[in-house]
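The values are calculated or read from the model by the stated rules, or taken from the named source; none is laboratory data. The model shown is predicted, which means the values in this text are computed figures rather than measured ones. With ligands, DNA and RNA removed, areas are computed over all heavy atoms of the protein, side chains included. Shrake-Rupley method; radii C 1.70, N 1.55, O 1.52, S 1.80 Å.
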Amino acid sequence: MTNTKNTKFLTPAQAAEILGISVATLRKYSLIVEHSTNNGGYFERNKQNNRLYTQKNIDDFNKMVELGHGPKMTLESAAKQIYPVSEANNDGTTDASNGTHNAQVANLENTIKELRANIEQQDRVIQNLSKKIIKLQEETGAEETDEKLEKDKKYQEYLKTVRQAKEKKAKADEANKDDDKSKKEAGKDANLNTLVNMQVTDEKKEHWWNRFIK
């Protein structure tokens, strides 16, 4: 852990950007270093318990990755060659197994804290998205309701127009029937008058034999 007050520290996002990796990969590298050094507090941390990094840390990470790509090498074995084991462990003042156990516990606790922070952030994002979805659904529902009312209104107007047209046609048909009936009755009267006139005319005519009787 660096104790120099003038040291410039980088946030995980800044350090990851410099290294060209993701924050999750940077966290993986950090855990390897802490495990290899048996020191859960190898890196500086801020008040939110997030790790902070120096330029030396960035350089060491690059060396670890480059060495880890060698034949029969892993990142863990590379870290053991680059990073020194804690002094307490070298002096033999602390039991090795206890130191490893404590380092693992510290690493797990830090990982749990980071995961909880990520989960809380994701929960906030989910809540915000849920609120937006509900708002959009309400707005969409209102628009659909207005559209439905408008369609119902137009449909009612259409039905009204159809009813009026049917009523108008029915009245026209009724009027045509009455007109036809009047014409038929007038025709009957005309035929009757013709027959009567023919009968009267016949009565006025003299029979041919009446001429000789006179």
Checklist entry - Of the cross-linked pairs Lys148/Lys171; Lys8/Lys63; Lys47/Lys113, which ones have a Cα-Cα span greater than 24 Å in the structure shown? => result Lys148/Lys171
Item to check | Accessible area (Å², per residue) of segment 1-87, counting only protein heavy atoms and a probe of 1.4 Å | outcome: 60
Item to check | Distance between segment 112-147 and segment 18-89 - C-alpha centres, whole angstrom | outcome: 38
Checklist entry - What residues qualify as long-range amide H neighbours of Leu10, i.e. H under 5 Å apart, gap of 5 or more or another chain, H built at 1.01 Å from N? => result Tyr53, Thr54
Checklist entry - Between Arg45 and residues 5 or more places away or on another chain, which pairs have amide H atoms under 5 Å apart, with H built 1.01 Å from N, and which residues are they? => result Leu52
